[in-house]
Each structure stands twice: as C-alpha cells, then as structure tokens.
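Every read-out reported here was derived from the displayed coordinates using simple, explicitly stated rules and does not represent laboratory data. Model, not experiment: these values are computed from the prediction. With ideal geometry, Cβ positions are generated from the backbone for all residues, glycine too; neighbour counts draw on all protein chains shown.
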C-alpha cells in the first residue's frame, strides 16, 4: 500500500498544475455548497422562528365560515307541502365566543403534550388619541400565559410587561402603532369598539416583534379589561393559543382537539402552508445549483485524470511489465483521486466556512422595529460532513472510470508503439 501511495503522490507532484486545477475544481464546488446551503437554511430558519414567535402551534377558535343558509322560515314550516320564499337573506349573527372556553383551557393545561395555553379575547377597535383615530386590534390576555408562549417580555421596547398586572386599565401597545399615534408610555388612549363600547386605557409599555403587520395594529390588555370593553361576561373567550412540547405534533393533535371540544383547531403548518412551501422550493433550488457545480467539477476531474493517464502510458507499461496487476493500477489512480478529492474538499470547507462566517457578520439595518441585525447563516455540522463526503465521492467516481481503463492497457502494445 505504501508503494501505491508513493507512486500516486509522485504522479500528482510531477504535474502540479493539473493537480492544483483539479483540487480547485473541488474546492470551488464545495465552498459554494457550504456558503449557499448555510445562507439559505439560515434565512429559512430565521423566517420560521419569526413566524412561530407570533403563531401558536395550535389555534382554537370559532369558524366564521359556518353555514348560515338555514333560516327561521325553514324551522317553522311543518309540512313538506308548505312553501316559503326567502328574499335578501342576511348573515347569521355567529357567536365568536368558545363555549366553556375556560374549562377547555384548564383541561388543556393538564394535557401531557401541551407546553402552554393562553386564552384570548380579541376585537377590532379604534384607537383615539387627540385628533388622531386609527383602527387596529386589541387582544385581552393573561399576560403571563401569553409571555410563556410568545416571549412578550423579550419584545418590550419601553416600559415593563409586568405593569399590565398592576395597572387596572393598562395597555401594551405595538411600537409602530404608538409611533403613528405619537403616543408614549404614560399616555392615555381611548379605545372604541365597532359596537360602540369605549374605555380609556393607559399605555404601560410598547413592544416590537419586527413584523409590521403586528406592530402597527396590535395592543395587549388584560382579559378582564377587553371583556369589559366588549360588555361580555368573564367566561367570554374568542381564541385559545396552544403551544406543544413538540411542535411537529401539531398537525396530528389539531384534529383530535377539534373532535374532542367541537372547536375549530388550526395547526401552525396549515396556517403557514404557503410560506413553508416556499422554504422547500428554495432548498430544492439550492441543492440543484450546488450539486450541478459539483458534477461539473467532477467532469473536470475526469478529464484531468484521463490526461494524466495518457501522459503516464509508458509508466503504466513499465509497472505492468514489472508485475503490477490491473487492480494495482486502478488502486494507484484511485489514490490520486482520493488525494485530490480530500484536499480540494477540505480546502473548500475552510473557504466556504470562512465566507459563511463573513456573511454572518454583515450588519443589516432594517429600522428600529426589526429583530434581525445581521444576516442569518446556519453552521450545521452535517452540511460540512456531507460536503466532505460528496467531494471525495465525486472525485473517486470521476477517477474510477479512467483508472479502470488504465488497468486494461496492454504494456506490449505501448512499448512497441
């Protein structure tokens, strides 16, 4: 084996330019693979985390799309021979509240698969501050439960989340909404519902998620405060947010909760199906591009190995004349392919990792409400293992075909020719 290795290294060193070119082909392919897969999966991971920061694993609510075709006329007609005509039917007044909502919350907290539960009363409202009036959304919550699920405390920009527990009519307002109203912590804002209920609340804190769709319209108040604004009883609940110990169980658990409690239950994968599909497409495109780069590099290595074998015909003839078998010849050139593959792949991992680290340090200024300050890059060790194995494997495959051809060469014909 030492003799085979010595011959392989001698061949490589005798043609340094060819060897370096072959290695650089592998280096470029592996380096681009590490950079692209790290960036793409890093962005996907960041988007997934951002999505889950404001999305419950399972959301339970009453579906407004329920059928409202049945009317009181149909209920009062007792005979199939009677005919009733309905014109300009109006939509039913569907109740948004979840029947026995607090009992369901208590039951879910005892479920071994559940990590946390947060009951909520949400409503569209108008925010009135001086001459400014903006529409938005208010969510009545138990702030400690909401914090356990969505890390509200970590998103507070001004004030303290705990102030909502002590303030009778407190409000935690989205930073974008507060900026539009030109309001700050300590100011009082009048909240008005579409049905005419109103209440003046004091801003005790502001929060920013980095998502303008949330920060520009949403506020938190206590559960009892929103129930008071809506003139509802303490058992009035419109939404139950459920986080699981394993978020991947949500798709299986949601139908079970719907069947058990008779409440519409939507898992996070269904709610964000379009976004998740875009992640898959981006990953496929990334793998297609980098594998294409590696295949092209493999063809380059194949050509270089073929040229090396043509240049070493006399050496091959001498080796076979001195007792080297076809298997020995294949082993010599396969060792060359392994050396090129390992050297090129290792250098590619270093360069790709360095480029990925450099990209991760690039600052991005997305404004005061964005949670991302630097480009997200994923440094998954499995990507580096896959890159090393793929680099060695592709060069071995590229080197096997010409080396097998070299093993079949007749030394007599070479010496005569």
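Give me 275, 351 ranked fewest to most by other Cβ atoms within 10 Å of their Cβ, as a rough exposure proxy.
Values: 275 13, 351 17.
With the sparsest Cβ surroundings first, the list reads 275, 351.
Contact order, relative form, for the stretch 203-313: 10 percent (alpha carbon pairs under 8 Å, 6 or more residues apart, mean separation divided by residue count).
Below 8 Å between Cα atoms, with a sequence gap of 6+, how large is the relative contact order for the chain in percent?
Numbers: 668 pairs, mean separation 113.1, N = 417.
Relative contact order of the chain: 27 percent.
Using Cα atoms only, what is the angle between the long axis of helix 273-311 and the major principal axis of the chain, expressed in degrees (0 to 90) to the nearest 10? Between the helix axis and the principal axis of the chain, the angle is about 10 degrees.
Measure nothing fancy, just the Cα-based angle from helix 2-14's long axis to the longest principal axis of the chain, in degrees from 0 to 90, nearest 10. Compared with the principal axis, the helix lies near 90 degrees. Per-residue ellipticity at 222 nm from helix content only, as computed over the chain with -39500 (n - 2.57) for each DSSP H run of at least four residues, stands at -17500 deg cm²/dmol. Note on residue 107/residue 160: beta-carbon distance plugged into 1/(1 + (r/R0)^6) with R0 of 30 Å gives a FRET efficiency of 0.40. Taking Cα atoms only, the orientation of helix 16-53 departs from the longest principal axis of the chain by about 10 degrees.
Please arrange 276, 171 by how many other C-beta atoms lie within 10 Å of their C-beta, fewest to most.
Working: 276 17, 171 29.
Least to most surrounded, the residues fall as 276, 171.
Please report the spacing between the Cα centers of the stretch 328-359 and the stretch 199-259 in Å, no decimals. Answer, in whole Å: 53.
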